[in-house]
1. Which condition does Trp58 not pass, out of (1) loosely packed, with under 13 Cβ neighbours inside 10 Å; (2) assigned to a loop (DSSP other than H, G, I, E, B); (3) hydrophobic (A, V, I, L, M, F, W, C), if it passes all the others?
2. Taking the condition of being open to solvent by 100 Å² or more (accessible area, probe 1.4 Å), at pLDDT below 70 and assigned to a helix (DSSP H, G or I), how many residues in the stretch 1-46 meet it?
3. Out of the stretch 60-80, which residues are within 18 Å of Trp96 (Cβ to Cβ) and modelled with pLDDT under 80?
4. Do you know which residues across the stretch 80-105 are more than 18 Å from Ile7 (Cα to Cα) and of a type in the set (Lys, Arg)?
Amino acid sequence: MKSLKSIQELIAEKLNAGIPYLSNLLKPEVYYNQYLDGASSILVSLLQTHLRSNGNGWDTAKWMDDCLITAFGLTDKELSLGGIAIWGKGRTTEQWTEPFSLRWH
């Protein structure tokens, strides 16, 4: 679990770095990826690793292309992210999307 905590801290750092930009936006954004400096890359790696190691029948030929972050929250007690995951199937161009949400305490 130590490596998971390190990933959470890294995501929190990316979010903290982006919050000043987010607070100065004049209108809500649809996707926050550009303000969160690579958080989506870290997030898809975390999700894919979790699914492959969880033993829940995840097809190892599936992969995550990216995600679009549409919601986030960061408090002293919780980090939450939400958005749209972009999935793919190995050796094909087939892709699909699904919503996701994550919370860390």
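The values are calculated or read from the model by the stated rules, or taken from the named source; none is laboratory data. Quick caveat, the model's predicted, so the values are computed rather than measured. For neighbour counting, all protein chains shown are included, and Cβ atoms are generated from backbone atoms with ideal geometry for every residue, glycine included. Surface areas here come from the heavy atoms of the whole protein model, side chains and all, with no ligands, DNA or RNA. Shrake-Rupley method; radii C 1.70, N 1.55, O 1.52, S 1.80 Å.
1. Result: Trp58 fails condition (1) only.
2. Total satisfying the criteria: 2.
3. Selection gives Thr60 alone.
4. The answer is Lys89, Arg91.
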